[in-house]
Amino acid sequence: MALTQTSARVAGVRTVHYADSQDRWLPAVMVLPFLLAITALVIIPLLWGIRISFTNSRIIGRAFTEAFTLANYQSVLTDPDTWHSLYVTAVFSLGTVIGSIALGLVTALVLTRAFPGRGIVRTLIILPWAVPHVVAALIWQWMYNPNYGVVNYAIGWIPFVTSQPNWLSDPNLALPAIIILNIWKTYPFATLVLLAGLQSIPDELYEASEIDGAGPVRRFLDITLPGLKHVLAIVVLLLTIWSFGNFVFIFLMTQGGPAGATNTLVVKVYFEAFRFFRAGPAFAMGSLLLLVAVLLTLAYAFIVRRGKDA
């Protein structure tokens, strides 16, 4: 279909006039397949899950009742295991976000400098992000093996260290071990986004600060961090949401153990649904996770709008 259109520039704005009024529906027609797929695969299951959360349904067998009830949310919010899982999820997400951003920012600052082999280094940094989650979990599970893992082998070279930690079986070490794995997996994303943000900061600002006698720390605090404010907000939001929904690493490596030390909310949802076959509480916890994600998104939108208005 050929589109005939005329263009005019009014106050620097390009306006388009369609000769055929039917062509105005072309964008909607092009987007329609995508909207239908999203509706069928996301919106309808989401609404169905929210509905189930207000019933006493089970994954298998007959439902006890299909009547509206808040019992699932009451049981979930009064269950100590739920709050423990929320605490584990918060620690897991906070550790991942702080570690990924810190390591990603250091890496991005290094990559802004010109040095031999910088292109190769940039390619190698992307590799953890490209490794599938299942493959990464299996590799790190082998690395954490207390008998022949490379992590304990490297620790053995440290003077005065004689113990061999059992990373995935020790309640005090299991969660930090998975946090390290998640940082390794997600910091390349933080590096790429922060590197793009660093390259968007004008060099004239740094040159002017050097003339004024500002040192590296002052330039970082007064120029680099303010210039990365909006980029950091995006990275924090995405990493937090991804960490809240991370299931593969924990399930494959510890299955929520030992002693519930890595039992995050998403793992608890899985166990409620597919181990105990309680659909109502599982969907209730899933709805609460969705609510947290929505609140984080709204908070990000508020921060961005407030920054633009300032």
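The values are calculated or read from the model by the stated rules, or taken from the named source; none is laboratory data. Bear in mind the structure is a predicted one, so any value in this text is a computation, not a measurement. Neighbour counts are summed over all protein chains in view; Cβ atoms, including those assigned to glycine, are modelled from backbone coordinates with ideal geometry.
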- Query: Which ones in segment 77-129 are farther than 18 Å from VAL267 by Cα and charged (D, E, K, R)?
  - Reply: ARG113, ARG118, ARG122
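For residues in segment 116-161 being among the hydrophobic types (A, V, I, L, M, F, W, C) and not in a helix (DSSP H, G or I), which is farthest from PRO188 (Cα to Cα)? Walk me through it before giving the result.
Pass one, segment 116-161, residues among the hydrophobic types (A, V, I, L, M, F, W, C): 120-121, 124-127, 129-131, 134-140, 142-143, 150-151, 154-155, 157-158, 160-161.
Among the residues that remain, those that are also not in a helix (DSSP H, G or I) are: 131, 157-158, 160-161.
Numbers: VAL131: 11, TRP157: 28, ILE158: 28, PHE160: 34, VAL161: 31 Å.
Top of the filtered list is PHE160.
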- Query: Can you name the number of the only condition in (1) touching a Lys or Arg at 6+ places or on another chain (Cβ under 6 Å); (2) closer than 29 Å to LEU288 by Cβ that PRO128 fails?
  - Reply: (2)
- Message: Yes or no: segment 207-228 includes at least one residue that is surrounded by fewer than 18 Cβ atoms within 10 Å (Cβ to Cβ), over 16 Å from ALA102 (Cβ atoms) and modelled with pLDDT of 90 or more.
- Response: no
- Mind counting the residues in segment 80-115 that are without any contact (Cβ under 8 Å) to a residue 12 or more places away in the chain, among the hydroxyl-bearing types (Ser, Thr, Tyr) and in a loop (DSSP other than H, G, I, E, B)? 0
- Inside segment 169-201, can you point out the residues that are surrounded by 20 or more Cβ atoms within 10 Å (Cβ to Cβ), in contact with a Pro (Cβ under 8 Å, 6 or more places away or on another chain) and of a type outside the set (Ser, Thr, Tyr)? ALA174, LYS185, PRO188
- Task: Mind counting the residues in segment 249-260 that are closer than 25 Å to VAL131 by Cβ and either without any contact (Cβ under 8 Å) to a residue 40 or more places away in the chain or of a type in the set (A, V, I, L, M, F, W, C) (or both)?
- Result: 7
- Query: Among (1) touching a Pro at 6+ places or on another chain (Cβ under 8 Å); (2) free of Cβ contacts under 8 Å to residues at least 24 places away in the same chain, where does ALA214 come up short?
  - Reply: (1)
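Looking at segment 255-277, which of its residues are over 21 Å from the mean Cα position of the chain (by Cα) and buried (at least 19 other Cβ atoms within 10 Å of the Cβ)?
Going residue by residue through segment 255-277, those that are over 21 Å from the mean Cα position of the chain (by Cα) are 257-260, 271-277.
Answer for segment 255-277, where residues must be over 21 Å from the mean Cα position of the chain (by Cα) and buried (at least 19 other Cβ atoms within 10 Å of the Cβ): GLU272, ALA273.
Residue check: is ALA233 at pLDDT below 85 and either over 24 Å from the mean Cα position of the chain (by Cα) or closer than 30 Å to PHE302 by Cα (or both)?
No, not satisfied.
Confirm whether LEU290 is closer than 25 Å to PHE68 by Cα, surrounded by 12 or more Cβ atoms within 10 Å (Cβ to Cβ) and within 18 Å of the chain's Cα centre (by Cα). Outline the logic, then answer.
Values: closer than 25 Å to PHE68 by Cα: yes; surrounded by 12 or more Cβ atoms within 10 Å (Cβ to Cβ): yes; within 18 Å of the chain's Cα centre (by Cα): yes.
Answer is yes for this residue.
Quick check on segment 188-199. Is at least one of its residues more than 27 Å from SER93 (Cβ to Cβ), without any contact (Cβ under 8 Å) to a residue 24 or more places away in the chain and either over 30 Å from the mean Cα position of the chain (by Cα) or assigned to a helix (DSSP H, G or I) (or both)?
Initial filter on segment 188-199 (more than 27 Å from SER93 (Cβ to Cβ)): 199.
Now drop any that are not without any contact (Cβ under 8 Å) to a residue 24 or more places away in the chain, which leaves none.
The answer is no; no qualifying residue exists.
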- Query: When GLY149 is evaluated against the numbered criteria (1) within 23 Å of the chain's Cα centre (by Cα); (2) buried (at least 17 other Cβ atoms within 10 Å of the Cβ), which criterion, by number, is the only one it fails?
  - Reply: (1)
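On the basis of being touching a Gly at 6+ places or on another chain (Cβ under 8 Å) and either part of a helix (DSSP H, G or I) or among the hydroxyl-bearing types (Ser, Thr, Tyr) (or both), does ILE52 make the cut? Steps first, answer last, please.
Numbers: touching a Gly at 6+ places or on another chain (Cβ under 8 Å): yes; either part of a helix (DSSP H, G or I) or among the hydroxyl-bearing types (Ser, Thr, Tyr) (or both): yes.
The answer is yes for ILE52.
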